[in-house]
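J.: Below you will find the structure I want to go over with you.
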Amino acid sequence: MGPWMLVATVLSGVNVLLLSILTVIWVRNYRTFGSEMTAGLAVFGVVMLLENVVAIYFFFSTGMLYANSPGVQQSVAALRALQTVALAFLTYVTAK
């Protein structure tokens, strides 16, 4: 695994942590308020959580199409970084 894929894997791990926090908050809010919006947020959190877990699995698999392309690896790491920033902000405002 190259350095950029390691960065992407670590960022996906951070995303899993943030999404876990968000999903717990949204499920708790759904149980309290029962609104469709919080149910939708909880489902969104679960889907994004699964996406990041699958991404980590594929980062460790050897059959990836872009495993040997540094440019694509940098792009994947950059997209994971953007997702981490967005989730960090969302976690901050949700937990506040």
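The values are calculated or read from the model by the stated rules, or taken from the named source; none is laboratory data. Small disclaimer: the values here were computed from a predicted structure and weren't measured. Every residue, glycine among them, receives a Cβ derived from its backbone with ideal geometry; neighbour counts consider all protein chains shown. Note: areas computed on protein heavy atoms with side chains; ligands, DNA, RNA excluded. Shrake-Rupley method; radii C 1.70, N 1.55, O 1.52, S 1.80 Å.
J.: So what does Trp4 come to for accessible area, using a 1.4 Å probe and Å² rounded to 10?
T.: The accessible area of Trp4 comes to roughly 100 Å².
J.: Another one. Heavy atoms of the protein only, probe of 1.4 Å, neighbouring chains included. What is the accessible area of Ser35 in Å², nearest 10?
T.: It works out to around 40 Å².
J.: When the helix-only estimate is applied to the chain (DSSP H runs of n ≥ 4, each -39,500 (n - 2.57), divided by the residue count), what is the mean residue ellipticity at 222 nm, nearest 500 deg cm²/dmol?
T.: -30500 deg cm²/dmol
J.: Once the cut-off is 17 Å, how many percent of the Cα-Cα pairs in region 2-43 end up in the long-distance tail?
T.: Result for the distance tail: 44 percent.
J.: Just to confirm the number: angle between the C-alpha axis of helix 70-95 and the first principal axis of the chain, 0 to 90 degrees, nearest 10?
T.: 20 degrees
J.: Next question, about the same structure. Please state the relative contact order of the chain as a whole percent: Cα pairs under 8 Å, 6+ residues apart?
T.: 47 percent
J.: Ignoring ligands and nucleic acids, what accessible area does Leu6 show with a 1.4 Å probe (Å², nearest 10)?
T.: Using a 1.4 Å probe on the heavy atoms, I get roughly 100 Å².
J.: Could you list the residues of region 1-28 with an amide nitrogen less than 15 Å from a label point located 7 Å from the Cα of Leu90 in the Cα-to-C-beta direction?
T.: Only 12-27 fall inside the zone, counting backbone N under 15 Å.
J.: Two decimals, Cα atoms only, Kirkwood Rh: what is Rg/Rh over region 1-72?
T.: Checking Rg against Rh, the ratio lands at 1.15.
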